[in-house]
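Any read-out appearing in this document is the output of simple, stated calculations on the displayed coordinates, not a laboratory observation. Given the structure is predicted, the values throughout are model-derived calculations rather than measurements. A quick note on method: Cβ atoms are made from the backbone with ideal geometry, for glycine too, and the neighbour counts reach across all protein chains shown.
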Amino acid sequence: MESTNCPSCGAGLNLFSPLTKLVVCAHCGSIVSIREDKLSIKGKQSGLAPTVSGLQIGQSGELEKKRFTVLGRVRYKYDEGHWDEWHLRFNDGSECWLSEDEGEFCLEQPAKPSKRFRSISEVELGETIQIGSWNGSVDEKNSAECVGFEGELPEEFDVGDKIAYAEGSGDSNQMFTLEEDEGGVICFLGKWVPLATVTSNTGSKF
Amino acid sequence: MSDSIINPSPDLRRIACQSCGGNINLRGSNEVEMVVCGSCGSQLDISSDEHKIIGKSEGFRSRSFLGIGSQGTLRGIKCEVIGRIRYRQDTLYVWDEFLLYSPEIGYRWLVWENNHFTLLAPTKNKPNQKPSSLSYQKTVNVGNFTFTVFEKASAEITEVEGELTWIAKIKDRMEMIDAINPPQIYCIEWNSKEIEYFIGSYVTQEEIVKGFGLKQSLPSPIGVYPCQPFVTSPSVQAMSATGWIFSSVFVFLLGWAIIAGGGSTVISTSFSGQDLLTGVESQEFPILKANTICKAVFSANVQNAWAWFDIDVVKTDEGEVLDFGEQVSYYTGVEGGESWSEGSQRTSQVFKITDPGQYKLKITGTGGQGESMQEGFTGYNGSITIYRDVVLFRYFVCGLIVALFLPLLQLLRKSLFEHNRWASEEDDDEDE
């Protein structure tokens, strides 16, 4: 863990990950960008409303038999609702995104679908998506906007950033997300994770 | 939704309406996205701290028996009514969906239509076919269950109140498919952006009244609901099951009577028509038991003629104990190029001998032939055969009819119930 200070208020910033590109000062809400070890203030961030689970930055837990610490969170909003992406760092140094939507968690990893898309507009609702030997179908196709973030994040975000996405599920306890970015459409394969398996460091369940 | 995780119930939160300043109590979890102000009907987006006004709902014109904040226990789960949406399909069908929140299991939808109720939960189980390929009465597999498509329609939100876990606007439209396997129902709902799947089951009015502690009874349900099960009282079920058991027994006995109940031959006497003018006596035959059922089988090779037999059953040492008559007649011909026949050269009659002993038959008779059919015809040969210990299957037939009455009545009721279940949808389907 690396310690530094907020360039705005001087409060201590504990950076748990060497991959961190953006951190929000928990004290003053300043958005601090980290580039080549140089800190610069990008703006201010007001507090985010808690999620259904009550998961919080700095909490530790266990997922798939690996200990993790919650580093950051990004909230996205779409027409009918919102969801949160939690950024986790495991004790072995690996990092991942854990989605929380309507009270359920999904652990996502990058994946390669058999069909490549250049944009989300090419994806059809109900279309079958094959990832390896797994098949799912598209349940949702929408666009969302980043409405806030907190903690440490491995890439830069701006409030108002828009993403086009599609997501779906299959027979097994898995789901996928397709997200449009500058290089095309990237895919994540996720697994629904019962929160009961995510135990806090105090042993209590979130 | 066993892996659905919902935080313990938050304390009742209170926010101020951005439009009228009225207090709004929030009953759901942090998952709630929208709330309608009970005072002014403003719809507030509460997913962020800004609580933006996103529309206005005129509110429900009539109060429901389940108001926002009603608490109860449904299927063993404590829950609270936190929201309500009214949908309209065309101009004919209107239904309400109550959003129930339980800190224990999360959110459920209680659908209220024509005073019938269904409890729905979101599911990740998808159908084995694309929703667009499903049509009326087509079967669809979902997990281990098979459902039959009952309805494919589109609906519009017309009214909304309370809290919702998504942002619903008046006039939002959705396409929907309801597939049934009573008492279960599987629902697919979609719009241009999203497909959602729900699974649920029929809930009786008694469960609603008892679960929410309603003081008054609810209006009677109208018609048969798509996923309403056919229900009979336990006593009728038991009686019907007993009826099926007895029916099986009677069918078995009937089969046995037909196959093995013909009895054993005791005598067989042949004669000519001429013999019968003066009378014929059979050999003696023994009757071993009291109340022995016997059968006399008559045959005569009459052709376009009839023969009448008078039978006296005579006990050797006592005289006549019984008499009866039987006619054999058989006619054939050709009319309009087609041959026809009527009657039979063979007939039978059952009789009972009450006392054991030695018996014989005294047979007399006459016949007729020709267009006048006058008596005096004797040009035939005949015979009579007596069988002993015959089983009468008419009693089993009567027993079978009595035993089948209730089960068949139940089948009829169920058939009518199923007819009524599909009747309205068949009409709609024909209209389309």
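Volume per residue of the convex hull around the Cα atoms, evaluated for region A:1-116, comes out as 157 Å³. For B:Gly55, the residues 5 or more places off, or on other chains, whose built amide H falls under 5 Å of its own are B:Gln43.
For a quick check of your reading of the filter: which trypsin sites (Lys or Arg not before Pro) in region B:115-188 sit in a DSSP loop and have no more than 10 other Cβ atoms within 10 Å? For trypsin sites (Lys or Arg not before Pro) across region B:115-188 that sit outside H, G, I, E and B with at most 10 neighbouring Cβ atoms in 10 Å, the list reads B:Lys171.
Would you calculate the convex hull of the Cα atoms in region A:1-52 and tell me its volume per residue in Å³? Show your work: numbers first, answer last.
Working: hull volume 4.6 nm³, N = 52.
So the per-residue hull volume is 88 Å³.
Summing charges over all other residues whose Cβ lies under 12 Å from the Cβ of A:Ser8, with Lys and Arg as +1 and Asp and Glu as -1, gives +2. The convex hull defined by the C-alpha atoms of region A:67-206 has an orientation-averaged projected area of 8.9 nm². Equivalent ellipsoid of region B:90-173: semi-axes from √(5λ) of the C-alpha gyration tensor, largest first, are 24, 19, 13 Å.
Relative to the longest principal axis of the Cα atoms of chain B, helix B:394-431 runs at roughly 40 degrees.
Taking amide H as placed 1.01 Å from N in the peptide plane, the amide H of B:Phe212 sits under 5 Å from that of B:Thr73, each at least 5 places away or on another chain. For region B:284-432, the spread of Cα coordinates along the three principal axes comes to 80, 52, 17 Å, biggest extent given first.
Computed from backbone phi with θ = phi - 60° and the Karplus coefficients 6.51, -1.76 and 1.60, the 3J(HN,Hα) list for region A:131-147 is 10, x, 8, 9, 10, x, 10, 6, 9, 8, 9, 7, 10, 9, 10, 6, 10 Hz; x is used for glycine and proline.
Considering every Cα-Cα pair within the protein assembly as shown, what fraction, in whole percent, is farther apart than 32 Å?
On the way: 132241 of 203203 pairs.
When every Cα pair of the protein assembly as shown is considered, 65 percent fall beyond 32 Å.
Relative to one another, the C-alpha centroids of region B:62-88 and region A:41-106 are positioned 32 Å apart.
Here's the picture: charge each Lys and Arg Cβ at +1 and each Asp and Glu Cβ at -1 in chain B, and of B:Tyr93, B:Ser341, B:Pro219 the one pushed furthest to the positive end of that dipole is B:Pro219. Phi-derived couplings, Karplus 6.51 cos²θ - 1.76 cosθ + 1.60 at θ = phi - 60°, listed residue by residue for region B:247-264: 4, 4, 5, 5, 4, 4, 5, 4, x, 5, 5, 5, 7, 10, x, x, x, 10 Hz, with x used for Gly and Pro.
Across peptide B:188-197, the average count of Cβ atoms from other chains found within 10 Å of a residue's Cβ is 4.
For B:Ile386, B:Ile195, B:Ile177, the sequence from fewest to most other C-beta atoms within 10 Å is B:Ile195, B:Ile177, B:Ile386. Taken about its Cα centre, the protein assembly as shown carries a charge dipole of about 1640 debye when Lys and Arg each add +1 at the Cβ and Asp and Glu each add -1 at the Cβ.
Could you put B:Met176, B:Met239, B:Met34 in order, starting from the residue whose Cβ has the fewest other Cβ atoms within 10 Å? Mind showing how you got there, number by number?
Numbers: B:Met176 18, B:Met239 15, B:Met34 23.
Ordered from fewest to most neighbouring Cβ atoms within 10 Å, B:Met176, B:Met239, B:Met34 come out as B:Met239, B:Met176, B:Met34.
For chain A, averaging the sequence separation of C-alpha pairs within contact (under 8 Å, six or more residues apart) and dividing by the residue count gives a relative contact order of 19 percent.
If you take all C-alpha pairs in region B:98-224, what percent of them are over 24 Å apart? Write out the running numbers ahead of the final one.
Values: 2686 of 8001 pairs.
Distances greater than 24 Å cover 34 percent of the Cα pairs.
Here region A:16-136 is treated with +1 on each Lys and Arg Cβ and -1 on each Asp and Glu Cβ, and its dipole about the Cα centre works out to around 660 debye.
Pick out, from B:Thr123, A:Val74, B:Trp422, the residue whose Cα sits farthest towards the positive end of the charge dipole of the protein assembly as shown, with +1 on the Cβ of Lys and Arg and -1 on the Cβ of Asp and Glu. Of B:Thr123, A:Val74, B:Trp422, it is A:Val74. With neighbours defined as other Cβ atoms within 10 Å of a residue's Cβ, the residues B:Tyr331, B:Tyr87 order from fewest to most as B:Tyr331, B:Tyr87. Computed from point charges on the beta carbon alone (+1 for Lys and Arg, -1 for Asp and Glu), the dipole magnitude for chain B about its Cα centre is near 1580 Debye. Relative contact order for region A:1-115: 13 percent, from Cα pairs under 8 Å spaced at least 6 residues apart, divided by residue count. What spacing in nm lies between the two simple spin-label points modelled at B:Asn141 and A:Thr128, each 7 Å away from Cα in the Cβ direction? For B:Asn141 paired with A:Thr128, the spin-label model returns 1.4 nm. Overall size of region B:232-349 from C-alpha positions, given as principal axis extents largest first: 68, 57, 20 Å.
Taking every alpha-carbon pair within region B:186-288, the share separated by more than 20 Å comes to 76 percent. With one equal scatterer per alpha carbon and no solvent term, the Debye-computed log10 I(q)/I(0) for chain B at 0.06, 0.14 1/Å reads -0.53, -1.26. The Cα-based radius of gyration and maximum Cα-Cα distance (Dmax) for region B:28-95 are 14.2, 40 Å.
Take region B:25-175, drop everything but the C-alpha atoms, weight them equally and run the Debye formula without solvent; then report log10 I(q)/I(0) at 0.09, 0.11, 0.18 Å⁻¹ to two decimals. Those come out to -0.33, -0.49, -1.18, one per q.
By the rule of a second cysteine Cβ within less than 4.7 angstrom, chain B holds isolated cysteines at B:Cys79, B:Cys187, B:Cys227, B:Cys294, B:Cys398.
Pairs of Cα atoms nearer than 8 Å and 6+ residues apart set the relative contact order; for region A:74-163 it is 26 percent.
For region B:132-138, 3J(HN,Hα) computed residue by residue from phi via the Karplus equation (6.51, -1.76, 1.60; θ = phi - 60°) reads 5, 8, 7, 9, 3, 6, 7 Hz, glycine and proline entered as x. Under 5 Å from the amide H of B:Asp323 lie the amide H atoms of B:Val313, each residue being 5 or more positions distant or on a separate chain, with H modelled from the backbone and absent for Pro and chain starts.
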